[in-house]
1. Show that you can apply the helix-only estimate: for chain B, add -39,500 (n - 2.57) for every DSSP H stretch of four or more residues, divide by all residues, and state [θ] at 222 nm to the nearest 500.
2. Going Cα to Cα from residue A:6, which aspartates and glutamates come in below 13 Å? Please leave out same-chain ones fewer than 8 positions away.
3. Which far-off residues, 5 or more places away or on another chain, put their amide H under 5 Å from the one on residue A:36, with H placed in the peptide plane?
4. For residue B:193, which sequence-distant residues (separation of 5 or more, or a different chain) have an amide H within less than 5 Å of its own amide H, given hydrogens modelled in the peptide plane?
5. Let me know the mean shielding of B:209-217 by other chains, meaning the per-residue number of their Cβ atoms within 10 Å of its Cβ.
6. Non-local amide H neighbours of residue B:141 (under 5 Å, H modeled in plane, Pro and chain starts lacking H): which ones?
7. Please report how far the C-alpha centroid of region B:3-22 lies from that of region A:1-73, rounded to the nearest whole angstrom.
8. Testing the spin-label approximation: label points 7 Å from Cα along Cα→Cβ at residue B:167 and residue B:278. State their distance in nm.
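Just so you know, all these numbers are worked out from the coordinates, no wet-lab data involved. As the structure is a computational prediction, the values presented were derived from the model and not from experiment. Quick reminder, even Gly has a Cβ in these numbers, built from the backbone with ideal geometry, and neighbours come from all protein chains shown.
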Amino acid sequence: MSEEFKIEIVNPEKSFLVKEDVLEVVVPAFEGEMGILKDHISIISFLKPGIIKVFSKSGDENYYVEDGIIEFKNNNLSILTSAIFSVTDLDKSKQGDLLKKAEAEASKSEISDQAKYLADQKVEVLRSIN
Amino acid sequence: MASLDDLKKRIASVKSTQKITKAMKMVAAAKLRRAQESAERGRPYSEKMNNIILNLSNGISDKENAPKLLSGTGKNKVHLCVVMTSDRGLCGGFNSNIIKKAKSYFSKILNEGKQLKIITVGSKGNDQLKRVYGDKIIENISFKESKNANYFDADKVGRIIIEKFEAGEFDICTIFYNQFKNVITQLPQAQQIIPLNNEEDHNNSDQSYEFEPDEDEILNNLLPKNISTQIFKAMLENSASEQGSRMSAMDNATRNAGEMVDKLTIEYNRSRQAAITKELIEIISGAESL
């Protein structure tokens, strides 16, 4: 029996990634990392900044996301996100830019606890990519 | 009758106008292709977003305490209308069509004795509306400096709307834009985004979802995003429509200019011939009288 399912990542501008031969996806869900295999129960959840790991027959890929929402249904995983970057494409300067932005956000004093938490997450994840 | 010189000048000026309209048409055609592509590429996102929200709102157990962005404030007093137009003119009926649609909606609302607030996106809409509804316009947003519609701009508009909603400044929000159907047809649309209109309540998915965290929190997180997404969709459709509309308008203008040049050329030749004939008659009758 095949253990594959379909993943589709879309951002507002375009369909970012479509793959049919995915074995496992690990997403940074809001309440902790979550691995999704075939025949997972239907679930809707949203993401915090982190790395999406896609394991597929045609190779593994990592993506950095800042936010998003995932829906898994009938072995279709849809990830909607407004900011996503492939880790391999993420060069030093781009990463530095994002990091600077996140750090500036995190150091603001008047933001809410949740926004602060998210910004801290961004900083942490971006630093860990190196 | 205009003199020969005047005619010649007019022909030259119509010809140069034709050149301009022709160039504009080509530019619009090139831009249209890009705008159309991005409109089509943007559709999956907003469709999926809609789907998820539909599933979520079907799954929500406690309708009374549903987030206000979904269920509305329960009142129907103050209407906020977001009129999205272009920043540039010379695009046929593109802006006027949106404005016409919006104006008929405005007068309906005002006749019902409700309060009206307007946000204009794009300077052309503001220009046309401020004469009649100037006192109702509370904000004017324009993205002249951004070349293409991008999500960042849409998000800005979305945030403004949500801020105002949370401050209780309005109950119902409707956006006006042109939906791109094809190059010659653009349909002006009025879409209600707050509260979310769940008319197509096809409850086909009995499948229950697992939510993490719970429905309310996801909805609270998702609904503001959905507003931005809908606005972004409207912006993409609008920019495709604008280019399409401009292209057909400029095509017409080029054709009209061609017809005008033909007509003027005939007139020019006729009056040239008339002048020659007149001179001949003068010479002949002069010779005869001798």
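1. Details: 6 runs with 180 residues, N = 290.
Helices in chain B give a 222 nm mean residue ellipticity of -22500 deg cm²/dmol.
2. A:20, A:21, A:24, A:39, A:71
3. For residue A:36, whose amide H was placed from the backbone, the distant partners under 5 Å are A:25, A:26, A:27.
4. The answer is B:173, B:174, B:175.
5. Working: counts 8, 7, 5, 10, 5, 0, 1, 0, 3.
Averaged over the peptide's residues, the number is 4.
6. For residue B:141, the qualifying residues are B:120, B:121, B:122.
7. 62 Å
8. Distance between the two pseudo-spin positions: 7.1 nm.
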